[in-house]
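One structure is given here, and the rest of the page talks about it.
The values are calculated or read from the model by the stated rules, or taken from the named source; none is laboratory data. Just so it is clear, the structure is predicted and the values come from calculations on it, not from any experiment. Positions of Cβ are backbone-derived with ideal geometry, glycine not excepted, and every protein chain shown enters the neighbour counts. Note: areas computed on protein heavy atoms with side chains; ligands, DNA, RNA excluded. Shrake-Rupley method; radii C 1.70, N 1.55, O 1.52, S 1.80 Å.
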Amino acid sequence: MTQCCKRIKDTVQKLASDHKDIHSSVSRVGKAIDKNFDSDISSVGIDGCWQADSQRILNEVMVEHFFRQGMLDVAEELCQESGLSIDQSQKEPFVELNRILEALKVRVLRPALEWAVSNREMLMAQNSSLEFKLHRLYFISLLMGGTANQREALQYAKNFQPFALNHQKDIQVLMGSLVYLRQGIENSPYVHLLDANQWADICDIFTRDACALLGLSVESPLSVSFSAGCVALPALINIKAVIEQRQCTGVWNQKDELPIEVDLGKKCWYHSIFACPILRQQTTDNNPPMKLVCGHIISRDALNKMFNGSKLKCPYCPMEQSPGDAKQIFF
């Protein structure tokens, strides 16, 4: 009895000691978060930014995001609370896409195949290989059944006929794997056909091609905006503090413009951007890039400021030319 009590006492002391160490570490983490995390981000907001129309657009973006995620009940609840009226035709594509994606996640290919076959012409018009890869996966699932599925696999191989021109080598590999059905594909040179990663890949391919077909971006606009905001927020908080410290009023008062350039990384590059090398401003629809006769490109505002009379001298080379010969460039 004495030994048991001593053992319990030692155990309790050890637990208390371990808990003390853990508590100390957790406490330091909490203090570090409090020290480095700025809980007040309202200082970087622009007064009057969220007018009634802007609030409506934000609600529409949030509803679309919930539709994309398959959270239909949340989206409908938001519509009711915000007074938004969403047409049923806007919701149906997301409902169908989520139904197909959920089936793909549990390795059920039939709904995706039916969708791909019904949209074959449009998919082929955008050079999509989605339908072939779905047929390929279904064929591989038959191979995994061994010799019992040999006849069905041979019958199903007829579905590869429309894709023979562009996927000849892939089809040859699939047909060659039939030789090893008796000993099992997992024991053959074709074991790579059983790679589990291709199921995750087919979900990404389906999402990409289906969104392209429906005229939607692959990523949710709300997710992209939120990620960009997280990257830009520290820099904006710092520049706001500097502006207030130096009392530089009027430096940042534009709703559609930032006081500094924020690098969001290549993942946020969605289109080409041209900055005029003369005025060092990004071109816009009202101030487009213009190609001079010599091949150099400047903005229209720079062009208007530089020509003298009927002649313009290129700022990069000595070639003189007429401003009217400059051509607008479209990226």
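Looking at residue 177 and the list (1) closer than 16 Å to residue 135 by Cα; (2) of a type outside the set (A, V, I, L, M, F, W, C); (3) not assigned by the TED database to the domain that holds residue 101, which single condition is not satisfied?
All conditions pass for residue 177, except number (3).
For residue 172, state whether it is loosely packed, with under 13 Cβ neighbours inside 10 Å and either free of Cβ contacts under 8 Å to residues at least 12 places away in the same chain or over 22 Å from residue 212 (Cα atoms) (or both).
yes
Is one or more of the residues making up segment 231-247 outside the structural domain of residue 133 (by the TED database), out of contact with any His (no Cβ under 7 Å at 6 or more places or on another chain) and not in a helix (DSSP H, G or I)?
Yes.
Name the residue, out of 217, 223, that is under 26 Å from the mean Cα position of the chain (by Cα), in contact (Cβ under 8 Å) with a residue 24 or more places away in the chain and open to solvent by 40 Å² or more (accessible area, probe 1.4 Å).
On inspection, the qualifying residue turns out to be 223.
I'd like the residue in segment 58-88 that is farther than 26 Å from residue 105 by Cβ and open to solvent by 80 Å² or more (accessible area, probe 1.4 Å) and, out of all such residues, is modelled with the lowest pLDDT.
87
Answer yes or no: is there a residue in segment 106-114 that is hydrophobic (A, V, I, L, M, F, W, C), assigned to a helix (DSSP H, G or I) and more than 30 Å from residue 178 (Cβ to Cβ).
No: segment 106-114 contains no residue that is hydrophobic (A, V, I, L, M, F, W, C), assigned to a helix (DSSP H, G or I) and more than 30 Å from residue 178 (Cβ to Cβ).
Provide a single number: the residues in segment 116-145 that are buried (at least 21 other Cβ atoms within 10 Å of the Cβ) and either of a type in the set (S, T, N, Q) or closer than 14 Å to residue 212 by Cα (or both).
Residues in segment 116-145 being buried (at least 21 other Cβ atoms within 10 Å of the Cβ) and either of a type in the set (S, T, N, Q) or closer than 14 Å to residue 212 by Cα (or both): 4 in total.
Consider only pairs whose beta carbons are under 9 Å apart and that are at least six residues apart or on different chains; among these, list those whose first residue lies in segment 305-317 and is without any contact (Cβ under 8 Å) to a residue 12 or more places away in the chain and within 15 Å of residue 291 (Cα to Cα) and whose second residue is among the charged types (D, E, K, R) and not in a loop (DSSP other than H, G, I, E, B).
From residues that are without any contact (Cβ under 8 Å) to a residue 12 or more places away in the chain and within 15 Å of residue 291 (Cα to Cα), the pairs are 313/320.
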